[in-house]
Each structure stands twice: as C-alpha cells, then as structure tokens.
C-alpha cells in the first residue's frame, strides 16, 4: 500500500514538473517572439529615421534653398542708398520705468498715460483726418 501511494505521488510530481516545464517553455517562446517583434519595430523606426534625415538633408540643401528663393522671392541686391547715417536716427525714447521701481508694470502704465511717447506702431493722425 505504501508503495502504491509513493508511485502515485511520484507520478503526480512528474505531471506537475511536466506542466511547469511546458509553462516555462511557452513563456520563453512568447518572450522570444516579442523580442523579435521589438527588434523588427526598432529596425523599422531606424530606417524611418534614416529616411527622414536624408529628406531633411535634401530640403536643407543650400542650392535648393537658393533656387527656391530666386524663383519665389522678389529679392534685389542691397543698394548703398538704403543705409542711413547715425546722425539721422531718431532720439532714444524716454525711460518709462525708473530703476529700482517696486511695481514696474504700473509705473509703465502711469508714465505712458502721462507722456506722449511715439511707438512707431500707430501712424500719426492726419491734420484733417477723421
């Protein structure tokens, strides 16, 4: 009787061991397939990066940019008359915020409301305008 129990226990242990080995084999196969898929994805991404770099190099080619600029932009060479001398520059605008001010934004608002500071963003009103 004791031998029979021992045989059943050994058979059960063998079945358990076989199931455990099968589980390990199945898991390792799945991990191998996943690793192969990841390698393929990495290779595909590297190829895509290489293609994008090649396209970027082609788009950034100075000869291509020069031909596009000549074709689409109406650029003319710089004339010497386009430059002006320093004595014709406008005066420096007044300092709106005094150094060391506690609240520079409110000082700017208050000083800009008090002073008539030209900004260049808005054209001067015409003499007989609206």
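Remark: the Cα gyration tensor places region 10-107 in the oblate category, a/c being 1.5 or greater and a/b not exceeding b/c.
Shape verdict for region 54-101, please, from the Cα gyration tensor: rounded (a/c under 1.5), prolate (a/b greater than b/c) or oblate. Note, shape of region 54-101 comes out oblate.
Per-residue extension of 0.36 nm, minus the Cα-Cα distance of residue 102 and residue 63, leaves a gain of 8.7 nm for this segment.
Bear in mind that the values in this text are calculations on the coordinates, not laboratory data. Source: prediction; values computed, not measured.
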